[in-house]
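Following: one structure in structure tokens, then a few remarks.
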């Protein structure tokens with residue numbers, strides 16, 4: 001039997017950690033956007049965004065803080081819309097991921113995807129973007145969407161606009177794929193590899209930790225082969241001699 005879900009405005013109960021993460025991202029993003037107008041230099045973006053210059057100066061916290069900052073000069077409609085969309089995904093889908101897994105797994109994926117993607121971003125900058133300053137609240141969104149897809153039953157459908165029924169895997173694939181294509185068309189390989197690596201970290205985490213196939217059957221043979229390497233061997237029971 002297929003599962004059908006119609007998402008409401010938000011979850012019935014929001015985990016405390018989700019509230020904290022959203023609050024930090026909103027405060028940091030608006031503070032940076034406002035300071036870029038009224039100060040001669042955007043010090044918040046300089047210290048929190050990820051850059052080769054910053055890492056060379058041992059601003060190692062940038063490997064985390066870049067993912068809590070929405071870039072933008074001033075407060076524009078595009079800035080607000082992008083930030084609100086990401087916060088909505090973090091709120092609704094993030095809460096659902098915690099409900100389907102655990103707070104520990106959510107935080108593991110959230111921070112590991114940010115750090116690993118940050119390292120991939122630095123490598124990309126080193127190869128061809130030496131003066132790039134990287135900040136995005138989207139990196140965790142990609143990881144959360146993939147986690148949601150992996151944890152949901154493969155035949156789960158949700159209703160869009162109360163009429164159109166669509167599987168979760170196609171929603172996630174459309175969002176992730178469309179945005180990655182935009183990054184490629186803009187020749188923004190830093191963002192492309194950031195978001196791609198975040199998606200892969202989340203995918204492999206839930207496949208290995210939960211020993212769970214993804215929603216696409218074409219990859220099941222590869223997934224089973226990989227999961228077999230992480231399965232714990234069963235202990236043979238020995239009969240006691242009287």
Legend entry - Options 139, 97, 109; residue that is assigned to a helix (DSSP H, G or I), closer than 26 Å to residue 187 by Cα and touching a helix residue (DSSP H, G or I) at 6+ places or on another chain (Cβ under 8 Å): 139
Inset, instruction - Quick one: in the range 40-54, of everything that is touching a residue at least 60 places away in the same chain (Cβ under 8 Å) and part of a loop (DSSP other than H, G, I, E, B), which residue is nearest to residue 140 (Cα to Cα)? - result: 49
Legend entry - Residue match in the range 27-39 (condition: over 13 Å from residue 133 (Cβ atoms), buried (at least 20 other Cβ atoms within 10 Å of the Cβ) and in contact (Cβ under 8 Å) with a residue 60 or more places away in the chain): yes
Inset, instruction - Quick one: which residue in 193, 206, 178 is farther than 30 Å from residue 33 by Cα, modelled with pLDDT of 90 or more and assigned to a helix (DSSP H, G or I)? - result: 206
Inset, instruction - Within the range 55-81, work out how many residues are modelled with pLDDT of 95 or more, assigned to a helix (DSSP H, G or I) and surrounded by 15 or more Cβ atoms within 10 Å (Cβ to Cβ). - result: 7
Legend entry - Criterion (at pLDDT 95 or above and over 28 Å from residue 44 (Cβ atoms)) met by exactly one of 158, 146, 166: 146
Legend entry - Any hit, the range 125-141, residues being without any contact (Cβ under 8 Å) to a residue 60 or more places away in the chain, within 14 Å of the chain's Cα centre (by Cα), within 16 Å of residue 192 (Cβ to Cβ) and surrounded by 15 or more Cβ atoms within 10 Å (Cβ to Cβ): yes
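The values are calculated or read from the model by the stated rules, or taken from the named source; none is laboratory data. What you are looking at is a predicted structure, and each value in this text was computed from that prediction instead of being measured. All Cβ positions, even for glycine, are placed from backbone atoms using ideal geometry, and neighbour counts span all protein chains on display.
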